[in-house]
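Trainee: Before I ask anything, let me first share the structure, which is written out below as structure tokens.
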Amino acid sequence: MTRRPLIVGNWKMHGTRAMLSEARAIDRAAQRNMKVEVALAPPYTLIHPIHREAEQIAVGAQDCHHAEGGAFTGDISAAMVADAGATFVILGHSERRLGHGESDALVRAKAEAALAAGLKIILCCGESAETRAAGKAAAFIKRQLKASLPPPEAMPADVGERLTIAYEPIWAIGTGTPATTEDIAEMHGLIRELMVELFGEEQGREVRILYGGSVKPENAAAIFAVPEVSGALVGGASLTADSLMGIALAASEPFDP
Ligand code: PEP
């Protein structure tokens, strides 16, 4: 399989127009490192301005509503983010599952809406520290993914291209300490098995599996050396061009995406 590694910056609720210069710097650096695909998921308000200027990077949203439109004050539909220039949407991030009470069923409905609007999806999964301590991480991730993904028959034929999974253990997000490479290897291995089980050998192996949780330029190379790691979903270290592109540089070394 020859697929470019993917590095996605999740800016969360950070960024006003003052951050556009950073997005420009990321775009310029991405043009100089064509071995790696770089994408940004800024707040909704910056999707269109970044899309308008970007020559290389893809721009996406951090969430979308599951309905096509209607009386949903404050919400934004998949078609709206696509209209603003987004080509993908992050769904099921633990900050939405925990902070906004998003259930697996809701994440699945959002995934269906996003795919119907022509977007690619980055579907997040991740266990809590308690679940891991109880030895239930593997079972939890399998169950969470099966319940959050549309059924295989509802997925597009090019699911390998349209779907990316992000494994983000909740206890590693924003803590400065990523999961160990052993834990990442185990979880990415089982997610790959699940993708093949659900979508077949060819498409299941095409789905990219990103690791997320305290990835930084200093630890990225070790994480990218783990089998079945196709890149990273990056929070805190995505806010400056220097650190995001430091991670992208580590991903441009030969590894198995
Ligand atoms: C995230 O929230 O998606 C994330 C990976 O955050 P951080 O890199 O800051 O741990």
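The values are calculated or read from the model by the stated rules, or taken from the named source; none is laboratory data. What you see is a predicted model; the values in this text were computed from it and never measured. Every residue, glycine among them, receives a Cβ derived from its backbone with ideal geometry; neighbour counts consider all protein chains shown. Quick note on the areas: whole protein, heavy atoms, side chains included, nothing else; ligands and nucleic acids left out. Shrake-Rupley method; radii C 1.70, N 1.55, O 1.52, S 1.80 Å.
Trainee: Which whole-number percent is the relative contact order of the chain (Cα, under 8 Å, 6+ apart)?
Mentor: On the way: 524 pairs, mean separation 52.5, N = 257.
Relative contact order comes out at 20 percent.
Trainee: Any chance you could run the full-extension gain for residue 100 through residue 134? It's 0.36 nm times the residue separation minus the Cα-Cα distance, nm to one decimal. Can you show the working numbers first?
Mentor: Details: separation 34, 0.36 × 34 = 12.24 nm, distance 2.50 nm.
Taking 0.36 nm per residue and subtracting the Cα distance, the gain is 9.7 nm.
Trainee: For the chain, what is the calculated [θ] at 222 nm in deg cm²/dmol (nearest 500), taking -39500 (n - 2.57) for each run of four or more DSSP H residues and dividing by its residue count? Mind dumping the intermediate values first?
Mentor: Details: 11 runs with 114 residues, N = 257.
About -13000 deg cm²/dmol.
Trainee: Then there is this: When the label point is put 7 Å from the Cα of residue 142 along its Cα-to-beta-carbon vector, which residues of the stretch 179-211 have a backbone N closer than 17 Å?
Mentor: Counting backbone N atoms under 17 Å from the label point, the list is 185-200.
Trainee: Using a 1.4 angstrom probe on the protein heavy atoms only, line up 83, 104, 158 by accessible area, largest first. All intermediate terms of the calculation are to be shown ahead of the outcome.
Mentor: Numbers: 83 130, 104 30, 158 70 Å².
Ranking 83, 104, 158 by accessible area, largest first, yields 83, 158, 104.
Trainee: Report the charge-dipole magnitude of the chain in Debye, nearest 20, computed about the Cα centre from +1 at each Lys and Arg Cβ and -1 at each Asp and Glu Cβ.
Mentor: Details: 24 positive and 32 negative charges, 75 e Å.
The dipole of the chain has a size of about 360 debye.
Trainee: Once amide H atoms are built 1.01 Å from N in the peptide plane, which residues 5 or more positions from residue 41, or in another chain, come under 5 Å H to H?
Mentor: 9, 10, 11, 60
Trainee: Can you tell me the Rg and the Dmax, both Å, for the Cα atoms in the stretch 1-154?
Mentor: In Å, with Rg to one decimal and Dmax whole: 16.5, 47.
Trainee: Past 25 Å, Cα to Cα, is the threshold; run 35/216; 120/142; 110/142; 110/146 against it and keep the listed order. All intermediate terms of the calculation are to be shown ahead of the outcome.
Mentor: Details: 35/216 19 Å; 120/142 21 Å; 110/142 19 Å; 110/146 14 Å.
Where the Cα-Cα span goes over 25 Å, no listed pair is concerned, since all stay within it.
Trainee: Let me ask another. Any idea what diffusion coefficient the stretch 1-87 gets from Stokes-Einstein, in µm²/s, Kirkwood Rh on alpha carbon pairs, 10 °C, 1.306 mPa s?
Mentor: On the way: Rh = 13.7 Å.
Answer from the Stokes-Einstein relation: 116 µm²/s.
Trainee: Let me ask something additional. If the viscosity is 0.890 mPa s and the temperature 25 °C, what Stokes-Einstein diffusion coefficient in µm²/s follows for the stretch 132-251 when Rh is the Kirkwood radius over Cα pairs? Display every interim value, and only then the final one.
Mentor: Numbers: Rh = 14.9 Å.
Answer, rounded: 165 µm²/s.
Trainee: Please state, as a whole number in µm²/s, the translational diffusion coefficient that the Stokes-Einstein equation yields for the chain at 25 °C and 0.890 mPa s, with Rh defined as the Kirkwood radius across alpha carbon pairs.
Mentor: 136
Trainee: Taking all protein chains together and a probe of 1.4 Å, list 196, 107 from the most accessible to the least accessible.
Mentor: Details: 196 30, 107 0 Å².
Ranking 196, 107 by accessible area, largest first, yields 196, 107.
Trainee: While we're here: Multiply the residue separation of residue 4 and residue 73 by 0.36 nm, subtract the distance between their alpha-carbon atoms, and state the gained length in nm to one decimal. All intermediate terms of the calculation are to be shown ahead of the outcome.
Mentor: Numbers: separation 69, 0.36 × 69 = 24.84 nm, distance 3.87 nm.
Computed gain between residue 4 and residue 73 is 21.0 nm.
Trainee: How large, in percent, is the carbon and sulfur part of the accessible surface of the stretch 35-169 at a probe radius of 1.4 Å?
Mentor: That share works out to 53 percent.
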